[in-house]
Amino acid sequence: MRVVVKWLWRGVGVLAALATLAMAAVAVYVFRALPDIQGSLRLPGAGAELRIERDTHGIPTVRAASEHDVHFGLGVAHAQDRLWQLETHRRIAAGRLAEVLGPGALETDRFIRALGVRRAAAAQWQQLPAASKAALQAYADGINAVLREGGQARPPEMLILGITPEPWEPVDSLAWALMMAWDLGGNWTTELLRLRLALQMPVARINELLPPYPGEPPLATVDYAALYRSLKLDGATTTAWQRLEQIAPESGVQGVGSNNWVLAGHRSTTGKPLLANDPHLRLSTPALWYFARLVVEGEVGQTPALHVAGATLPGLPGVVLGQNARIAWGYTNTAPDVQDLYLEQVDPQDSSRYRTPEGWAAFETATETIRVKGRPDVTVTVRRTRHGPVISDAGSTPDVLGPRDKPSHVMAMRWTALDADNDAIGPALSMQRASSVAGFFAATRGWVVPMQNMVVADADGHIGFIAPGRVPLRRADNDLHGLAPAPGWDTRYDWVGWVPADETPRETDPERGFIATANQRITPPGYPHYLTSEWALPYRQQRIEELLAARPRHSMPDLAAMQADQKSLAVPALLPWLQRAKSVHPLAAAAQAVLAGFDGTMAAERAAPLIFWAWQRQLAQAIFADDVSPALWEKSLASRHFQDALEGVLQRDDAAWCDGRRTPLTETCAEQAGAALTRALEELRQLQGDDVASWRWGRAHQVRAEHRPFSRVPVLAGLFELRAPAGGDTQTVNVTRVNLRTDAVTGERYLSDHGPSLRALYDVADPAQSLVISSSGQSGIVLSPLYRSFLQPWLQGQTVPLWPRAVTAGAEAPRVLQVLPAAQ
């Protein structure tokens, strides 16, 4: 017995020792995974000593003696805090996700390879000006110095997936810049949607389902439904659309937008301009943005050669949105039509050729090898035509368009971002050095993509707006206007030049004392050039102007309150139909009592927004889904809010839409509204119980900041992704886009995965008062307290200082890392 006890105690001792070792190993890993942010570090590539001073929020000030070293220092900071994010950016843009994530990512890689993102970036690198190359190389050198000599353990994601980071290349930065342009330009998806709709309904009906901008007639086009029938496009086209929609990286999501506005001095309480900006993008963990301050020190007693702070993008050098000593600036997306799709006819006698205006020509081809984790490599051949990459090559069957028994066409894309003379770096670096509105305008001249609505203010009191970018000119006889895929062999659909750089939209110092953009139409009546016909609905813009008109002068807190505003001006157009709806559901009376005082404020703690959105979703499905195939609805349309289409149908009391095609009865719009309410109430009863008064919008409508890839791994999602209840909706100034599609992982609906990726408020008179916040935190390392430190302040409309403030008694001093050149 004593022997048994002795061995038991020995076993316990061994287990305790092993547990202690395991805990020690974890502690050591945690210590090594977090970056060195104090002391000194010798790194190869630094030209001279530089300092990285991090405040309590983890925002670094990079101080250096040259621009080379300030870009190098930003690369160091990005690599220390966001290495996994850099890795995902690189792999997405290069089409190399399957290499680490396995077969599930293969189709997305196929699409990126077919699109040729990294090949285009490599061609652009060859043509870049020397200054842009130097900035990219210095930035890459900073990242790589950390990888080689930083002494930091790999982030948890790399450890779990077994990844060793590779050296960062300047082309990786250019490729990521192209992916950002892709995210902000999604006209191609609407073109494909029109093609698929044209196989199921006439063009006039498509124009009601996808209406033009409010108050405008549809663009006059050729009957493209008849055109596609004449080309004998049929069910194979459906297969192509579904494949491309499912595998392509997300772009041009409906209901995603941004806000910015700038006030002249006579409209602000400071007597100088104030500027607000909140770009709405897909929410991610970590956030897309990383705040930093870049200072190139001048001689003693002189003004710094560079003194800029704001939002940077891990993967790129420089400040994208922010403020220097003289100006502040911010962006919203213009969303011009800079992507056109072309149906390229394949030679029936020789599939290596396609039809051109001059006859048959050979496809340009390239072979790509995609490595797949746990599987053999996949070799694909990608093609280009005179218009651009053949994106239909992304599928396993390349020729996917045409008669079902003999596909005869492929789909090529013309996109400005892929042009070899696209310099994504130089103009941005010039803009951050500008010292006036006029100087900022001049710096934008070389900007290609993405076209942005840029507002700017300077210390002399001037304010301005400009939308720079390369926008194609189309021929007068182009009867498709880029709205739907065009025959590639017909020259009338070719681009014939660019909108002159000095003729893109702009404005300076208007008498009204403010400029605001929210993705609405920005061109005045009589503007001579076609930019797009697919502007965002103007409700956010109208609400911003309403709030600006509410008082003669505004303060920084006033602007912060505007950014947090949750009142939707879209609600009144549909609400009367909901309030008059006759429902047989037992909870209908309680629901109508809640709706009686509803003014469109989408507060998280209220029930009315939840009822409104559930009803709108059910009504849109009842009215529109039976006019298209189930596959088209589920894959392409179920996520759309149909705000404008519903408004049109209900204003016309349009029986042609409201009458269900799959029932023998003749339904009216009023009957459909009542039935939709019944279905919505039953959905919500099952979701949140029988007590309507206790229903909460924020319980269903949660912001979710996706982590790549662990949001798709249930056991890890709770640790790596960020989520929380939120107010607002797709049409509020404080946007939290409502996702109407059922989430593939959790089964939830009404989640929000798009919103204000950052909020910024700039005081030109006193930059020390400028404020910022992002949706997660500065660190991309889940073990860091700065991984999620901004989430709750962001939800509550709070901010942190953009510029460092004097350290007061008892406050934490900045953590200073001295970066020294490596010993020779």
- Message: Pairs needed: first member in the stretch 150-166, closer than 25 Å to Arg42 by Cα; second member anywhere, surrounded by fewer than 16 Cβ atoms within 10 Å (Cβ to Cβ) and among the β-branched types (Val, Ile, Thr); C-beta distance under 9 Å; at least 6 residues apart or different chains.
- Response: Ala153/Val28; Ala153/Val30; Arg154/Thr164; Met158/Thr164
- Message: Please determine whether any residue of the stretch 675-696 is in contact with a strand residue (DSSP E or B) (Cβ under 9 Å, 6 or more places away or on another chain) and either assigned to a loop (DSSP other than H, G, I, E, B) or crowded, with 16+ Cβ neighbours inside 10 Å (or both).
- Response: yes
- Message: Consider the stretch 272-312. How many of its residues are assigned to a loop (DSSP other than H, G, I, E, B), over 30 Å from Arg723 (Cα atoms) and modelled with pLDDT of 95 or more?
- Response: 2
- Scan of the stretch 577-606 for residues that are within 30 Å of Gly797 (Cβ to Cβ), open to solvent by 10 Å² or more (accessible area, probe 1.4 Å), in a loop (DSSP other than H, G, I, E, B) and out of contact with any Pro (no Cβ under 6 Å at 6 or more places or on another chain), ordered by number: Ala596, Gly597, Phe598, Asp599, Glu605, Arg606
- In the stretch 75-87, which residues are within 21 Å of Pro249 (Cβ to Cβ) and in contact with a strand residue (DSSP E or B) (Cβ under 9 Å, 6 or more places away or on another chain)? Arg82, Gln85
- Message: Can you go through Glu671, Glu647, Glu605, Glu683 and tell me which one is modelled with pLDDT of 95 or more, at negative phi and in contact with a Phe, Trp or Tyr (Cβ under 9 Å, 6 or more places away or on another chain)?
- Response: Glu605
- Write out, first by first residue and then by second, each pair whose Cβ atoms fall under 7 Å of each other, whose residues are 6+ apart or on separate chains, and whose first residue, in the stretch 553-575, is over 21 Å from Asp599 (Cα atoms) while the second is of a type in the set (D, E, K, R). Arg553/Arg267; His554/Arg267; Met556/Asp763
- Query: Within the bounds of the stretch 715-722, is there any residue that is free of Cβ contacts under 8 Å to residues at least 24 places away in the same chain, surrounded by fewer than 17 Cβ atoms within 10 Å (Cβ to Cβ) and not charged (D, E, K, R)?
  - Reply: yes
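Which residue is least open to solvent (accessible area, probe 1.4 Å), if the candidates are limited to the stretch 487-503 and must be in contact with an Asp or Glu (Cβ under 8 Å, 6 or more places away or on another chain) and not hydroxyl-bearing (Ser, Thr, Tyr)?
Initial filter on the stretch 487-503 (in contact with an Asp or Glu (Cβ under 8 Å, 6 or more places away or on another chain)): 488-489, 492-493, 495.
With the extra rule that they be not hydroxyl-bearing (Ser, Thr, Tyr), the set shrinks to 488-489, 492, 495.
On the way: Gly488: 0, Trp489: 42, Arg492: 74, Trp495: 40 Å².
Among those residues, the one meeting the criterion is Gly488.
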- Message: Among (1) open to solvent by less than 10 Å² (accessible area, probe 1.4 Å); (2) in contact with a Leu (Cβ under 9 Å, 6 or more places away or on another chain); (3) part of a loop (DSSP other than H, G, I, E, B); (4) on the phi < 0 side of the Ramachandran plot, there is one condition Ala760 misses while meeting the rest; what is its number?
- Response: (3)
- Here the qualifying pairs (Cβ atoms under 8 Å; residues six or more apart or on different chains; first in the stretch 668-679 and more than 10 Å from Trp577 (Cβ to Cβ); second open to solvent by 40 Å² or more (accessible area, probe 1.4 Å) and part of a helix (DSSP H, G or I)) come out as Thr668/Ala655
- Taking the options Arg512, Arg506, Arg475, name whichever one is touching a residue at least 12 places away in the same chain (Cβ under 8 Å), open to solvent by 60 Å² or more (accessible area, probe 1.4 Å), out of contact with any Lys or Arg (no Cβ under 7 Å at 6 or more places or on another chain) and not hydroxyl-bearing (Ser, Thr, Tyr). Arg506
- Identify the single condition in (1) over 25 Å from the mean Cα position of the chain (by Cα); (2) of a type in the set (A, V, I, L, M); (3) not in a loop (DSSP other than H, G, I, E, B) that Leu719 does not satisfy, given that it satisfies every other one. (1)
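Residues that are of a type in the set (D, E, K, R) and open to solvent by less than 40 Å² (accessible area, probe 1.4 Å): which helices (runs of 4 or more DSSP H) entirely in the stretch 123-211 hold 3 or more of them?
Once the helices (runs of 4 or more DSSP H) in the stretch 123-211 are filtered for at least 3 residues that are of a type in the set (D, E, K, R) and open to solvent by less than 40 Å² (accessible area, probe 1.4 Å), what remains is 187-198.
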- Message: Condition (residue is touching a Gly at 6+ places or on another chain (Cβ under 9 Å), closer than 27 Å to Gln798 by Cα and part of a strand (DSSP E or B)) applied to the stretch 37-60: is it met by at least one residue?
- Response: yes
- Message: All but one of (1) of a type outside the set (Gly, Ala, Ser); (2) in contact with a helix residue (DSSP H, G or I) (Cβ under 8 Å, 6 or more places away or on another chain); (3) on the phi < 0 side of the Ramachandran plot; (4) assigned to a loop (DSSP other than H, G, I, E, B) hold for Tyr750; state the number of the condition that does not hold.
- Response: (3)
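Name the residue, out of Pro165, Pro129, that is under 28 Å from Ala823 (Cα atoms) and out of contact with any strand residue (DSSP E or B) (no Cβ under 9 Å at 6 or more places or on another chain).
Values: Pro129 fails: under 28 Å from Ala823 (Cα atoms).
None of the others qualify; the one that does is Pro165.
Give the residue, chosen from Leu531, Leu574, that is modelled with pLDDT of 95 or more, part of a loop (DSSP other than H, G, I, E, B) and either surrounded by 22 or more Cβ atoms within 10 Å (Cβ to Cβ) or among the aliphatic types (A, V, I, L, M) (or both).
Values: Leu574 fails: part of a loop (DSSP other than H, G, I, E, B).
Only one candidate passes the filter, namely Leu531.
The values are calculated or read from the model by the stated rules, or taken from the named source; none is laboratory data. These numbers come from a predicted model, not from an experiment. So basically every Cβ, Gly included, is an ideal-geometry build from the backbone, and we count neighbours across all protein chains shown. For the accessible areas, the whole protein counts, side chains as well, though only heavy atoms, and no ligand, DNA or RNA atoms are used. Shrake-Rupley method; radii C 1.70, N 1.55, O 1.52, S 1.80 Å.
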